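The values are calculated or read from the model by the stated rules, or taken from the named source; none is laboratory data. Keep in mind that what you see is a predicted model, and the values were worked out from it rather than measured. Cβ placement follows ideal geometry from the backbone for every residue including glycine, while neighbour counts extend to all protein chains displayed.
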Amino acid sequence: MDSVEKKESAERKKTIFSGVQPSGNLTIGNYIGAIRNWTLLQNEYNCIYCVVDMHAITVRQIPAELRRRTYETLAIYIAAGLDPEKNILFVQSHVPAHAVLSWDLGCFTMFGELSRMTQFKDKSQKNADNINAGLFTYPVLMAADILLYQADLVPVGLDQKQHLELARDIAVRFNNTFGDTFTVPDGYIPKTGMKIMSLADPSKKMSKSDSNPNASVGILDGYDDIIRKFRRAVTDSDTVVRYADGKDGINNLMTIYSCFTGKSFEEIEKEFDGKGYGDFKSAVGETVADSLKPLREKFTALMKDKAYLEDIMRMGAENASRIAARTVSKVHRKLGFAQLK
Ligand code: AQP
């Protein structure tokens, strides 16, 4: 392929957008539900992956920690296997177009729609002393993130499905009013691992902002810590390792084990036939700890080179800004804003 052909082929590829908030220590839920799938998609698609720091401030953050986690999240992306030369990796607040389009789209989003968002209801309960307007309009910013880049596909975990559907509704509404402007995005939700549950309460999603340190397993947790957390995982009074209704804890551990080993539930049941929960929990812990070891080592090396991470941030912001500016200009022309040449 000559360079023109290469460019045309790149242009024919579909676009993917996704992101993670640097709002805590990233969990294996974030890894299985999102980041791991991003790495599998990077050869087939034009991928744009963002550290969504503006979303993170919907919940109060300690500034120094937010800054540190922003670097860490980018380093995790790269350590997990995302190639900064192939993908656009950037930090949301470095591209002001996200805030600009969010305002525009907010005027096409109904109060009733936002009121129905379950994450808003959950987070309002958890942060009763800080139910701010940003928490309420979070899904509009998420729609702007996606629609700015005319994304075809958005790989997310199940908890983001409702927000993604709202982004689609906003895009369709805008397109119906002003003519074709936005690509209407589809979700890409993994079949296994779409919702990893808390190890302390398997009826709840594993979340990086959970205050119970035993509820979640961090991507960067130490080897022994990971094994200890799995050993303590809440299960049930049965002793047989099998996937069944009412065995939320074991179902969750089987899902995690399946995601890290590629084994089916039947294979896992056979492997642990005649063995107890103790053996199974140890095996899950060791598998997860072993699988994440190379990522952790790469992460540690990357964090020693802040200048490299800043180069990636800068390059990503430039590339993302270029694409975002085209969308904003198109939207503003359609809305009737006077545009200076
Ligand atoms: N438990 C999970 N199982 C599968 N996927 C998950 N994701 C999050 N938790 C799980 C997916 O990870 C991506 C990034 O999530 P986010 O940072 O945008 O925020 P979130 O969805 O609210 O995730 P957390 O970990 O629960 O963060 P906090 O505690 O800050 O709210 C998304 O694709 C999400 O689906």
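Within region 290-305, residues that are under 25 Å from TYR257 (Cα atoms) have Cβ atoms under 9 Å from residues that are part of a helix (DSSP H, G or I) and among the β-branched types (Val, Ile, Thr) in these pairs: SER291/THR261; LEU292/ILE28; LEU292/ILE226; LEU295/ILE76; LYS298/ILE78; PHE299/ILE76; PHE299/ILE78, counting only partners at least 6 apart in sequence or on another chain.
Being within 26 Å of ALA307 (Cα to Cα) and within 13 Å of the ligand (Cβ to nearest atom) is true for just one of ILE88, ILE76. Which residue is that? The conditions single out ILE76. Here is the figure for region 192-210: residues that are in a loop (DSSP other than H, G, I, E, B) and either near the ligand (Cβ under 10 Å from one of its atoms) or among the hydrophobic types (A, V, I, L, M, F, W, C) (or both) total 13.
Taking the criterion of being within 11 Å of the ligand (Cβ to nearest atom), within 27 Å of ASN25 (Cα to Cα) and aliphatic (A, V, I, L, M), would at least one residue in region 159-180 satisfy it?
Keep residues of region 159-180 that are within 11 Å of the ligand (Cβ to nearest atom), which gives 159-164.
Filter once more, keeping what is within 27 Å of ASN25 (Cα to Cα): 159-164.
Add one more test, that the residue is aliphatic (A, V, I, L, M), and what stays is 164.
Yes, there is a match, as at least one residue in region 159-180 is within 11 Å of the ligand (Cβ to nearest atom), within 27 Å of ASN25 (Cα to Cα) and aliphatic (A, V, I, L, M).
Looking for whichever is surrounded by fewer than 18 Cβ atoms within 10 Å (Cβ to Cβ), over 30 Å from PHE230 (Cα atoms) and within 22 Å of the chain's Cα centre (by Cα) here; the options are ASP201, ASP186. Which one fits? Just one listed residue meets the conditions, ASP186.
Hey, among the residues in region 211-233 that are of a type in the set (Lys, Arg) and either surrounded by 19 or more Cβ atoms within 10 Å (Cβ to Cβ) or assigned to a loop (DSSP other than H, G, I, E, B) (or both), which one's nearest to the chain's Cα centre (by Cα)? Write out each step before concluding.
Quick first cut of region 211-233, residues of a type in the set (Lys, Arg) only: 228-229, 231-232.
Now drop any that are not either surrounded by 19 or more Cβ atoms within 10 Å (Cβ to Cβ) or assigned to a loop (DSSP other than H, G, I, E, B) (or both), which leaves 229, 232.
Numbers: LYS229: 23, ARG232: 26 Å.
So, considering only residues that are of a type in the set (Lys, Arg) and either surrounded by 19 or more Cβ atoms within 10 Å (Cβ to Cβ) or assigned to a loop (DSSP other than H, G, I, E, B) (or both), the one nearest to the chain's Cα centre (by Cα) is LYS229.
Checking the conditions here, which among GLN150, GLN162 is modelled with pLDDT of 95 or more and assigned to a helix (DSSP H, G or I)?
Details: GLN150 fails: assigned to a helix (DSSP H, G or I).
Exactly one residue qualifies, and that residue is GLN162.
For region 133-150, how many residues meet the condition of being more than 17 Å from SER93 (Cβ to Cβ) and away from the ligand (no atom under 13 Å from the Cβ)? Count: 5.
Given the structure, is ALA151 closer than 27 Å to LEU335 by Cα and in contact with a helix residue (DSSP H, G or I) (Cβ under 6 Å, 6 or more places away or on another chain)? No; evaluated as a whole, the condition is false for this residue.
Only one of these is among the basic types (Lys, Arg) and within 21 Å of VAL20 (Cβ to Cβ): LYS247, LYS270, LYS195. Name it. Result: LYS195 is the single residue among LYS247, LYS270, LYS195 that is among the basic types (Lys, Arg) and within 21 Å of VAL20 (Cβ to Cβ). Suppose the filter is in a helix (DSSP H, G or I) and among the acidic types (Asp, Glu); does ASP279 pass it? So ASP279 passes the test. Does ASN252 count as of a type in the set (S, T, N, Q), assigned to a helix (DSSP H, G or I) and surrounded by 14 or more Cβ atoms within 10 Å (Cβ to Cβ)? Judged against the criteria, ASN252 is a match.
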